[in-house]
1. Can you say whether residue B:90 is touching a residue at least 12 places away in the same chain (Cβ under 8 Å) and either buried (at least 21 other Cβ atoms within 10 Å of the Cβ) or touching a Ser or Thr at 6+ places or on another chain (Cβ under 9 Å) (or both), as far as the supplied structure shows?
2. Collect the residues in the range A:101-113 that are crowded, with 16+ Cβ neighbours inside 10 Å and over 17 Å from residue A:135 (Cα atoms), keeping them in residue-number order.
3. Looking at the range A:77-86 only, could you name the residues that are open to solvent by less than 10 Å² (accessible area, probe 1.4 Å) and in contact with a Lys or Arg (Cβ under 8 Å, 6 or more places away or on another chain)?
4. For the range A:63-76, name all the residues that are open to solvent by 30 Å² or more (accessible area, probe 1.4 Å) and among the β-branched types (Val, Ile, Thr).
5. Considering B:153, B:140, B:149, which residue is within 17 Å of the chain's Cα centre (by Cα), of a type in the set (A, V, I, L, M, F, W, C) and closer than 19 Å to residue B:96 by Cα?
6. Does residue B:81 qualify as being within 14 Å of chain A (Cβ to nearest Cβ) and aromatic (Phe, Trp, Tyr)?
7. Kindly indicate whether residue A:157 is within 12 Å of chain B (Cβ to nearest Cβ), closer than 17 Å to residue A:36 by Cα and in contact (Cβ under 8 Å) with a residue 60 or more places away in the chain.
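The values are calculated or read from the model by the stated rules, or taken from the named source; none is laboratory data. Just so it is clear, the model here is predicted, and its values are computed rather than measured. Heads up, the Cβs are rebuilt from the backbone with ideal geometry, glycines too, and the neighbour counts pull from every protein chain shown. With ligands, DNA and RNA removed, areas are computed over all heavy atoms of the protein, side chains included. Shrake-Rupley method; radii C 1.70, N 1.55, O 1.52, S 1.80 Å.
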Number of protein chains: 2
Amino acid sequence: MKKNIEIRLAGFGGQGIILAGYIIGKAAAIFDNKFSTLIQSFGPEARGSSCSAQLLISKSQILYPYMIQPEVSIILSTDAFDRFGGELKSGGVMLVEQDLVQPEKVPKGVKLYAIPATRLAEEMGRKIVMNIITVGFFSATTGITSFEASREAVETSVPPGTEEINLKAFEIGYEYGRKLIEEKAKVIVK
Amino acid sequence: MKKNIEIRLAGFGGQGIILAGYIIGKAAAIFDNKFSTLIQSFGPEARGSSCSAQLLISKSQILYPYMIQPEVSIILSTDAFDRFGGELKSGGVMLVEQDLVQPEKVPKGVKLYAIPATRLAEEMGRKIVMNIITVGFFSATTGITSFEASREAVETSVPPGTEEINLKAFEIGYEYGRKLIEEKAKVIVK
């Protein structure tokens, strides 16, 4: 792993994207003794329901938690794509909610992976777990956090009594991502 | 309001304390055009289920999001109290989950307010809303975020379809805090 990894998470309120970032950050800290910080900033633009965060993962303690330019983006809404779609590094990885985001003008060389996370969550009868599906998808497609560490971070971060459905959601997202990778179904934007 | 306010939030995983911090930060940004940052840091100690965050609220943009010494603590577990109970400024405000925290050795001059948030949430039939009850309690006891801004932040931050129960939870927490203030039932540790 590189020394530092910068990850953008963005969507709309209620998708649970902050918890997703929290869990990924925790997984990174569990896995291989890494450090991470998760930061959200609010200014006068906080009215409305858009929602974003910056997650940094590092091999050493993080003194400055703001990102310079992300190498991974998790984008769960059209608004989020409009706002943050263009900032990704060339060669970076973009994960999008397939039914909610129409990725246009993705930066050159970006690897794009799409998952119908909301639909998969609805099929489980619990739309609220779409963020946990996304955590699994992130682990499988990027490899930044391992299956085991991510799973442990999910288990210890969700409300007591909901572990089972959330672990199931995590595994569904992971499996979806693993299959995309196996099938070499990733789209490389040229 | 002072120029900067530093708030510690701590509890165990699953209590939704990060979302509570997120909503309070958003409320501050909505209310009176303030700025806020919310940060969680994870190190190798992230195993287990403890969970904390630093929330800064300011009248101007925040360049350095780490707290120096909090003037408000929201403490939802015994572990969290052991770890963070001693750091509060003299004259600060500590909010605790009444049934989960036994506050001992609170710093001198701290105003302590307790709420049985978990029990109140259970009485609503949805234990998961205890964090939103806490947001209401924070607004009523500290006045740092207004009722209206906090309410709007709750409404735009919870999963679609759950607004009603969450707004109800917010109001229950607010009302509980307002009554404590009215009854001058606050305990000033000497």
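1. No; evaluated as a whole, the condition is false for this residue.
2. Selection gives A:101, A:103, A:106, A:107, A:110, A:111.
3. If the condition is that a residue be open to solvent by less than 10 Å² (accessible area, probe 1.4 Å) and in contact with a Lys or Arg (Cβ under 8 Å, 6 or more places away or on another chain), then A:85 is the only one that fits.
4. A:68
5. B:140
6. no
7. Against the criterion (within 12 Å of chain B (Cβ to nearest Cβ), closer than 17 Å to residue A:36 by Cα and in contact (Cβ under 8 Å) with a residue 60 or more places away in the chain), residue A:157 qualifies.
Results for (1) more than 16 Å from residue B:23 (Cα to Cα); (2) crowded, with 24+ Cβ neighbours inside 10 Å; (3) at the interface with chain B (Cβ under 7 Å from one of its Cβ atoms), shown as yes or no for each residue.
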residue: A:4; (1), (2), (3): yes, no, no
residue: A:15; (1), (2), (3): no, yes, no
residue: A:24; (1), (2), (3): yes, yes, no
residue: A:27; (1), (2), (3): yes, yes, no
residue: A:35; (1), (2), (3): yes, no, yes
